[in-house]
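Novice: For reference, the structure I am asking about is given below.
The values are calculated or read from the model by the stated rules, or taken from the named source; none is laboratory data. Keep in mind it's a predicted model, so treat the numbers as computed, not measured. Glycine also receives a Cβ, built like all others from the backbone with ideal geometry; neighbour counts cover every protein chain displayed. For the accessible areas, the whole protein counts, side chains as well, though only heavy atoms, and no ligand, DNA or RNA atoms are used. Shrake-Rupley method; radii C 1.70, N 1.55, O 1.52, S 1.80 Å.
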Amino acid sequence: MPFNVACAQIAPEKAQVEANLDKIAKAIVQASSEGAELVVFPEASTTGYFLEGGVVESAITRQELSCALQDRLGGLTKPVDVLVGFYENLQGILYNSAAYLQVGAQENKIVHVYQKFFLPTYGVFDEERFVSRGHDLGVFETRFGRFGILICEDIWHSILPTLTAVAGAQMILIPSASPARDFSGPIIGNLAHYERMISTVSEEHGLYCVSCQLTGFEGGKGFIGGSCISNPMGEIIARGPYGEEHLLLSTIDLEQVLISRAAQPLISDLQSAWQDIRRLVGSLEV
């Protein structure tokens with residue numbers, strides 16, 4: 001059955017966790033009032049991205065995140081699924097994480113938490129100095145279907161979307177915080193790259209991609225915004241504006257995943273060859 005998803009493209013206040021949680025809760029209420037059943041927030045949406053050593057003070061546990069939203073969303077009349085990017089404190093180890101929660105209507109539960117796998121350490125990025133790398137695929141069951149999570153740089157490495165698709169994901173949620181780079185073309189360069197990537201991933205694997213981007217400025221660096229959603233045919237079906245807060249809504253119909261994969265059975269070809277692929281990977285010397 002079709003359902004409505006919203007990308008809540010927000011500009012958090014740097015390291016102001018309580019204020020950002022207020023903003024997140026307000027966006028959930030607004031999205032729900034407009035018919036959204038799933039609300040996706042960007043990477044590091046509880047704090048802002050460029051915290052560096054400040055991650056220690058601003059990281060929270062997944063239970064703290066869940067309880068904080070429950071306290072703020074008691075008035076919701078129907079359940080809403082939410083994906084929130086946050087810096088996570090997991091028994092003293094810090095991660096760049098994304099939590100998938102079901103909130104509101106007297107029910108509040110943590111469905112899944114994913115830790116970012118690829119931590120960039122080039123250009124303006126130095127993430128691996130301040131947080132630890134995750135080690136697991138973020139593929140899990142929801143009340144809508146089987147979803148996957150990839151955080152920002154994770155989508156740039158084609159092996160992770162492929163593994164996520166092989167594990168059965170019908171939709172990949174991609175919370176991101178990408179500073180604007182390359183202004184030489186009609187579209188900001190890295191935003192154009194994101195659109196090409198999610199379109200290609202969707203078309204190759206026959207699934208939806210939901211890319212929710214941070215916006216606003218941190219230390220002179222501007223985040224691109226431009227959240228977008230692609231369908232299983234690789235078409236961009238919704239786009240948010242550049243550089244401003246916005247609530248982007250679209251309808252998802254997972255029946256389109258079945259139709260796309262029947263017409264172009266690349267994922268089943270991949271699954272049928274999986275044992276040989278594992279053998280080839282095992283034979284590589286890296």
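Novice: Provide the net charge surrounding LEU83, with neighbours chosen by a C-beta distance below 15 Å and charges set as Lys +1, Arg +1, Asp -1, Glu -1.
Specialist: -1
Novice: Between beta-carbons, use under 11 Å as the cut-off and find the net charge around ALA36, counting Lys and Arg +1, Asp and Glu -1.
Specialist: Residues close to ALA36 contribute a combined charge of -2.
Novice: Express the accessible area of the stretch 1-83 per residue in Å², computed with a 1.4 Å probe while the remaining protein chains stay in the model.
Specialist: 39 Å²
Novice: In the stretch 46-205, with Lys and Arg counted as +1 and Asp and Glu as -1 at Cβ, which of these residues, LEU73, CYS152, TYR114, has the Cα nearest the positive end of the dipole, that is, farthest along it?
Specialist: Value computed over the given set: LEU73.
Novice: Also, quick follow-up: What ranking do 123-131, 194-202, 154-162 get when scored by the average of other Cβ atoms within 10 Å per residue, highest first?
Specialist: By packing density, highest mean first, the sequence is 194-202, 154-162, 123-131.
Novice: For the stretch 18-106, run through the GluC sites (Glu not before Pro) and keep only the ones in DSSP coil with at most 15 other Cβ atoms within 10 Å of their Cβ.
Specialist: Values: sites: GLU18, GLU34, GLU37, GLU43, GLU52, GLU57, GLU64, GLU88; in loops: GLU34, GLU37, GLU43.
Answer by residue number: GLU34.
Novice: State, as an integer percentage, the relative contact order of the chain based on alpha-carbon contacts under 8 Å between residues 6 or more apart. List each step's numbers first, then the result.
Specialist: Values: 664 pairs, mean separation 52.8, N = 286.
Once normalised by length, the contact order is 18 percent.
Novice: Report the gain in length on full extension from VAL286 to GLU141: 0.36 nm times residue separation, minus Cα-Cα distance, nm rounded to one decimal.
Specialist: Length difference between fully extended and current span is 48.9 nm.
Novice: Give the accessible surface of the stretch 131-250 per residue, rounded to a whole number of Å², with probe radius 1.4 Å and ligands, DNA and RNA excluded.
Specialist: On the way: 4350 Å² over 120 residues.
Using a 1.4 Å probe on heavy atoms only, each residue of the stretch 131-250 averages 36 Å².
Novice: Under the 0.36 nm per residue contour assumption, what length would be gained going from the current alpha-carbon distance of LYS221 and ILE187 to full extension?
Specialist: 10.5 nm
Novice: Suppose every K and R has +1 on its Cβ and every D and E has -1 on its Cβ; what is the size of the dipole of the stretch 63-160 about the Cα centre, in Debye to the nearest 20?
Specialist: Dipole about the Cα centre, nearest 20: 280 debye.
Novice: Between ARG279 and ILE236, what length in nm is gained on full extension when 0.36 nm per residue of separation is reduced by their alpha carbon distance?
Specialist: Result: 11.9 nm gained on full extension.
Novice: For a quick check, take a GNM of the chain with Cα springs below 10 Å and name the residue from GLY54, GLY234, GLY243 with the largest mean-square fluctuation.
Specialist: GLY54
Novice: Determine how many Å³ per residue the convex hull of the Cα atoms of the stretch 117-172 encloses. Could you put the intermediate results ahead of the total?
Specialist: Numbers: hull volume 4.8 nm³, N = 56.
Normalising the Cα hull of the stretch 117-172 by residue number yields 85 Å³.
Novice: With a Förster radius of 22 Å, plug the Cβ-Cβ distance of GLU107 and GLN63 into 1/(1 + (r/R0)^6) and report the FRET value to the nearest 0.05.
Specialist: E(calc), rounded to 0.05, equals 0.90.
Novice: How long are the semi-axes of the equivalent ellipsoid of the chain, defined as square roots of 5 times the Cα gyration tensor eigenvalues? Whole Å, largest first.
Specialist: 27, 23, 20
Novice: A further question follows. For the stretch 1-52, I need the span (max minus min coordinate) of the C-alpha atoms along each principal axis, in Å, sorted largest to smallest.
Specialist: 42, 17, 12
Novice: Dipole magnitude of the chain about its Cα centre, charges +1 at Lys/Arg Cβ and -1 at Asp/Glu Cβ only, in debye to the nearest 20?
Specialist: 220 debye
Novice: I've got another one for you. Can you list residues whose amide H is under 5 Å from ILE237's amide H, if they're 5+ apart or on another chain and H is modeled 1.01 Å from N?
Specialist: Under 5 Å from the amide H of ILE237: ILE229, SER230, ASN231.
Novice: Considering only protein heavy atoms and a probe of 1.4 Å, how much of the accessible area of the chain is carbon and sulfur, as a whole percent?
Specialist: Heavy-atom surface of the chain belonging to carbon and sulfur, 1.4 Å probe: 52 percent.
Novice: Label-point separation (nm) for TRP156 and LEU270, each offset 7 Å from Cα along Cα-to-Cβ?
Specialist: Distance between label points: 2.0 nm.
Novice: Rounded to whole Å, give me the distance from the Cα center of the stretch 1-16 to that of the stretch 197-244.
Specialist: Each part's Cα centre sits 12 Å from the other's.
Novice: Over the stretch 13-82, one equal point on each Cα, no solvent: what is log10 I(q)/I(0) by the Debye formula at q = 0.22, 0.25, 0.27 Å⁻¹?
Specialist: Log10 of I(q)/I(0), two decimals: -0.97, -1.17, -1.30.
Novice: Further, regarding this structure: How much net charge surrounds GLY234 when only the other residues with a Cβ under 12 Å from the Cβ of GLY234 are counted, with Lys and Arg +1 and Asp and Glu -1?
Specialist: Once all neighbours under 12 Å are counted, the net charge is -3.
Novice: Next question. Check ILE172: other-chain or 5+ apart residues with amide H under 5 Å from its amide H, H built from backbone geometry?
Specialist: Amide H to amide H, under 5 Å and 5 or more residues apart or across chains, ILE172 pairs with GLY148, TYR208, CYS209, VAL210.
Novice: Checking a compactness column here: for the stretch 61-101, what do you get for Rg(Cα) / (2.2 N^0.38 Å), N being the number of residues? Walk me through the numbers on the way to the answer.
Specialist: Details: Rg = 11.4 Å, N = 41, 2.2 N^0.38 = 9.0 Å.
Dividing the Cα radius of gyration by 2.2 N^0.38 Å gives 1.26.
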